[in-house]
Every structure is written in structure tokens, then in C-alpha cells.
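The structure under discussion appears below in the form of C-alpha cells.
The values are calculated or read from the model by the stated rules, or taken from the named source; none is laboratory data. Fair warning: this is a prediction, and the values are worked out from it, not measured in the lab. Here the Cβ is made from the backbone with ideal geometry for all residues, glycine too, and neighbour counts use every protein chain on show. The protein model used for the area step is the full one, side chains on, heavy atoms only, and it has no ligands, DNA or RNA in it. Shrake-Rupley method; radii C 1.70, N 1.55, O 1.52, S 1.80 Å.
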Amino acid sequence: MENPRQNQYSPIRDFSDFFADPRHSAEEVVGIGGDLKPDRLLYAYTRGIFPWADKPLLWFSLDPRAIFDLNVLHISSRVHRRIRQKKFTVTFNRAFEQVMRCCAFRTEEQTWITENFLRGFTNFHKEGYAHSIEVWDENGRLGGGVYGVAIGKFFAGESMFSFLPDFGKIGLYFLFEALKKDGFTLFDTQQMNPVTLNLGAYEIPKDKFLDRLSLAVAVPNKWVPPADEI
């Protein structure tokens, strides 16, 4: 189903002199340095490249690539029960920077979400290409959320957090529902980890991912998520 609001996009500046071509590079690091300005991020994401480290800034195109089928999300009966109980409120793009900062919070490991990343992706959000979904508890506290990049029919899930039990998974559930409604065809989760594996992610070869990505971003529209609270 097409989203009639999905009809604006920016010209994509050519950064082929900076990035190695993922289709022809055997290396997973395809760029070093540069910046996180919206024009560079837009070029990168439409070509299967994403930043994942800072100082120096490293750009990756992984093989294999981890993705989700939007029709398959493995969540427990407990999470389904919480969704039915509806003791929360879901919003989109209400607290983008706050969601990023919550995703950056780590007690036992370092995070790649530095202040440089926060500035870069907040500006990408202002340009209409990066989005957040927030899950608030009954007292108005932000308990979980997800942020990522949407271009055309492609969504790149960047990070998820839960400060309250299952709130991140609830956010992911409603994100999947919104993307399906608007006809998205590819959800990238970049690299497999125990959390995404348990949620139903799987790996495909890089070349197959790039083929699917090319179709999904052929018209690099900006996504306009639901404006109403859920």
C-alpha cells in the first residue's frame, strides 16, 4: 500500500570518489573519515553503507548482511499480552535525540553512538530521513524505543533500547506495523546479534542485499510516519 505523503526526496550527491564500491570491494570497511552530514549519509545508506565507529569514522558494508522479514517478528506471548493490555502510548518522531541518547546508554560496554553520531543523525532526522519510535508508560516516562533511517521503501534499524520491560520490543512491533502499512520491502539490521536473532533476523549474502536495496531505494522518498499517538 502506497503512502500518499511519501512524495518528497532530495537529490543524492555523488560520493563515489570517497567510498569504495560495496559490489566490488572484498573489504567490509569501505570508507574512512569524512563526516556525518546528511548528503553523505544519504549516499551511503542508498548503497548499503553505514557508519559504525568514530575516531576514526569507519564506514561498513557487511557480508553477510542481517535483515528482518517485516511479516515475521518473534515476540513472546508475554509481549503480545502487554500489547493487548495497552498500558503505554506509542509515538513517532516525538523525541528523536532522546531516543538516540537512551540507545547510547551502556553500563557494561562502549557505544558507537558518540556526540558526533548524535549531531549527524539528528540533522539527518531534521532532513526527514532518520526517525524514532517512542513507547511511553502510563506516567509519561520514556520506557523504550527504536531509531533508524528510512529511504524509499527501505528502513535501516540502527538501535533499540528498553528501560522498562519489553518496551523496546513493543516499539519494534508498532514500527513493523507502520512500515508494512506503507509498503516497505526491506528492513536492514546490519549485523546479527543474540537479540536480533531471537527476534527473527536472518542473514543474506551482501550481493543479494544490495540487489534488494537498489529496488527499495529506486525512488528515495522521505517517509512520513503516523502523526497520531497509538
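Just a few scattered comments:
- Filter result (in contact (Cβ under 8 Å) with a residue 40 or more places away in the chain and within 14 Å of the chain's Cα centre (by Cα)) within the stretch 35-64: Leu41, Leu42, Tyr45, Thr46, Gly48, Phe50, Pro51, Trp52
- Test result for Thr185, within 16 Å of the chain's Cα centre (by Cα), surrounded by 14 or more Cβ atoms within 10 Å (Cβ to Cβ) and farther than 20 Å from Ala130 by Cα: no
- Residues being open to solvent by 10 Å² or more (accessible area, probe 1.4 Å) and out of contact with any strand residue (DSSP E or B) (no Cβ under 9 Å at 6 or more places or on another chain) - total across the stretch 130-172: 2
- Residue, most open to solvent (accessible area, probe 1.4 Å), within the stretch 98-129, restricted to residues that are touching a Lys or Arg at 6+ places or on another chain (Cβ under 9 Å) and among the hydroxyl-bearing types (Ser, Thr, Tyr): Thr114
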